[in-house]
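What follows is a single structure, written as structure tokens, with notes after it.
Derivation of every value follows stated rules applied to the coordinates shown; laboratory data play no part. These numbers come from a predicted model, not from an experiment. Note: ideal-geometry Cβ built from the backbone for every residue, glycine included; neighbour counts use all protein chains shown.
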Amino acid sequence: MGNPLFETALKELQERSEDIRPSDVIMFSEPLRSALNFVIRLKRFSLTEFGEQLPFSREEVKQLADLLVKRNLFELSRFATEAEPYYNARLSALTRPLTRPPSDIWKKID
């Protein structure tokens, strides 16, 4: 049987079908919540730095990071190597596509 904390964190990430915003982090359980808060504040971080915040194996941390890349909270840095992946945290709420306001918005406001 695996680590129950890892299984909980993995399940929380897999259940989400849409992108994760930094404001969504508060809904995750510990220790994932604290680790995400830490790396979001760093902005640019390595897999090792992310793993230092979690009581999981490196492979488990990599699996979580890969899910977070798919959910657009992290993006793989151009400095990443196979041996040491680096990530950038998306800090704004712009992880979801924006829609343009209607062209008659000023008429509605006046």
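Order these peptides, 20-31, 56-67, by their mean beta-carbon neighbour count within 10 angstrom, highest first.
56-67, 20-31
Å³ per residue of the Cα convex hull, for the chain?
Output value, Cα hull per residue: 128 Å³.
For Ala80, enumerate residues with amide H under 5 Å from its amide H, sequence gap 5+ or separate chain, H modeled in the peptide plane.
Result for Ala80 returns Tyr86.
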